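Values in this text are rule-based calculations from the coordinates and carry no lab data. It should be emphasised that the depicted structure is a prediction, and the values quoted were computed from it without experimental measurement. Note that each Cβ is placed from the backbone with ideal geometry, even for glycine, and that neighbours are counted across all protein chains shown.
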Amino acid sequence: MAWFNLKKSKVLLRPDFEHLPAHVAFIMDGNGRWAKKRRLPRSAGHQKGAQVFRDMVRYCKDIGIKYMTVYAFSTENWKRPQQEVDSIMDLLRSYLKDAFDYREEEVRVKILGDKAPLAPDIIALIDKLEADSAQYDKMILNIALNYGGRAEIMQAVQQIAGEVAAGRLTPEQVDETVLEEHLYTAGQPDPDLIIRPSGEQRLSNFLMWQSAYSELVFMDVLWPDFRRHHLDRALLEYQNRNRRFGGV
């Protein structure tokens, strides 16, 4: 785990682009605080954050990251003021409609989370985007939407229990591999690196199972101010670590 004070660190170094992590995840945090500092509505922060998200998708794809996951909307975010939730959902609609030019970028988009509580038009847009982008493989973009790590694990356990009850599995056959096959990220590698800007130092119920051996980098920049050189710095920090996966 690392903490970066960007005001004190002036040296801009570049990572080794030949040895990048396969899977990078972002907790996109700080939109509201960014707007508050500028005496703007919180929706302005989310709009700026959406622009940064799009640029990070392009950059990750261009440098060769194969999997990118972003924490866009958690199961707890429904507790926010309705006006803010509505503005986030409108941004989501806009993104899903233009789909970030996924055809040109050749990015496959996958939604992680429970779609059921979302508006019917949003669910339809999600289904279309996932189907239309399924053929692309330059990068897999996971968008965690109405997502909670604990809920994901509970859902997987319930599905496995149902299969055991139906006789399709025995209790002895249930292992980590079986559980992982029932997660939203089934078939994908766990994130090598999780980056959280904004100064907060916690995972906030994000990829609780998948993050067991992830490297964590926390940065004191708000997400709307996050730029490519910030990602470069996080990648460099990742490359300077010795990942032991519980060994010595």
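Assorted remarks:
- Candidates GLY187, GLY167, GLY199: whichever shows maximal mean-square fluctuation once the chain is modelled as a Gaussian network with Cα springs under 10 Å: GLY167
- Our note on the geometry: Cα centres of the stretch 126-144 and the stretch 13-68, 18 Å apart.
- Note on the chain: with charges restricted to the Cβ of Lys and Arg (+1) and Asp and Glu (-1), its dipole about the Cα centre is near 1440 debye.
- For the stretch 161-224, the convex hull drawn through the C-alpha positions has a volume of 107 cubic angstrom per residue.
- Calculated mean residue ellipticity, 222 nm, the chain: -12500 deg cm²/dmol, from DSSP H runs (n ≥ 4) at -39500 (n - 2.57) each, averaged per residue and rounded to 500.
- Cα-only radius of gyration and Dmax that characterise the stretch 109-248, units Å: 17.7, 53
- Among ILE143, ILE27, ILE63: highest mean-square fluctuation, GNM of the chain, C-alpha pairs under 10 Å: ILE63
- Taking ILE111, ILE160, ILE140 in turn, the Gaussian network model of the chain (Cα-Cα springs below 10 Å) assigns the largest fluctuation to ILE160.
- Label separation (ALA186 vs SER204): 2.9 nm, computed from points 7 Å beyond Cα along the C-beta direction.
- When the Cα positions of VAL109, PRO191, SER87 are compared along the charge dipole of the chain, SER87 comes out farthest toward the positive end, with charges on each C-beta of Lys, Arg, Asp and Glu.
- Seen from a random direction on average, the alpha-carbon convex hull of the chain projects onto 15.2 square nanometres.
- Within the stretch 180-203, backbone nitrogen closer than 15 Å to the virtual label 7 Å beyond the Cα of VAL164 toward Cβ: 180, 182
- Among the listed pairs LYS66/LYS138; LYS61/LYS138; LYS61/LYS110; LYS66/LYS128, those beyond 18 Å (Cα-Cα): LYS66/LYS128
- Annotation: the stretch 188-238 has a Kirkwood hydrodynamic radius of 11.5 angstrom, from the mean reciprocal C-alpha pair distance.
- Taking the Cα centre of the stretch 102-248 as reference, the dipole from Cβ charges on Lys and Arg (+1) and Asp and Glu (-1) amounts to some 360 debye.
- Each Lys and Arg contributes +1 and each Asp and Glu -1, all at the Cβ; summed about the Cα centre of the stretch 13-53, the dipole is approximately 580 debye.
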